[in-house]
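Values quoted throughout were computed directly from the atomic coordinates according to the rules given, and no laboratory measurement underlies them. Please read all numbers here as calculations on a predicted model, not as lab measurements. When we count neighbours, we look across all protein chains shown, and the Cβ atoms used for this are built from the backbone with ideal geometry, even at glycine.
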Amino acid sequence: MANAYGFIEITGVVAAIDALDIMCKAADVTLSTWERKLGGRLVTLVIEGDVSAVKQAVEAGSTLAIKKPVAKGVIPNPHPEIVRIVELSASRFKGKAELSSESKMLGEDPPDFNMRKENK
């Protein structure tokens, strides 16, 4: 179980990747999961680690990212229900046993992200 979760919700995938890079370089944290909503316009990053590291990473990511986050937060000692929700989200892209050659670099879209498939 994580000692703390940190959340940053930011507009755009590029800004999210930038914020994640900053957070991971600023402190000893790891990416737990991420969610894209509204066609990738809103991206929520969830990191985990020690409480002080998560606080430092969220602060660095929110102040140094190429865009200002829409929202941010830190949950120290998360309740088991919060852990369950984060693990459910993480299972959507981490639960794959093996990446296929067709997999996208950041994983497939979460199941709740519905796109029309074009006919080839």
Problem set entry | the stretch 4-94, Cα convex hull volume normalised per residue, Å³ | 82
For this session: Evaluate the charge dipole of the stretch 4-94 about its Cα centre and quote only its size in Debye, nearest 20, assuming +1 on the Cβ of each Lys and Arg and -1 on the Cβ of each Asp and Glu.
Result: 360
For this session: Calculate one ³J(HN,Hα) per residue across the stretch 21-29 by plugging θ = phi - 60° into the Karplus curve 6.51 cos²θ - 1.76 cosθ + 1.60, and present them in order as whole Hz with x for glycine and proline.
Result: 4, 4, 5, 5, 7, 7, 7, 7, 10
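So how much slack lies between VAL83 and SER52, counting 0.36 nm per residue of separation and subtracting their Cα-Cα distance, in nm? Please list the in-between numbers first.
Details: separation 31, 0.36 × 31 = 11.16 nm, distance 1.84 nm.
Here the segment from VAL83 to SER52 would lengthen by 9.3 nm.
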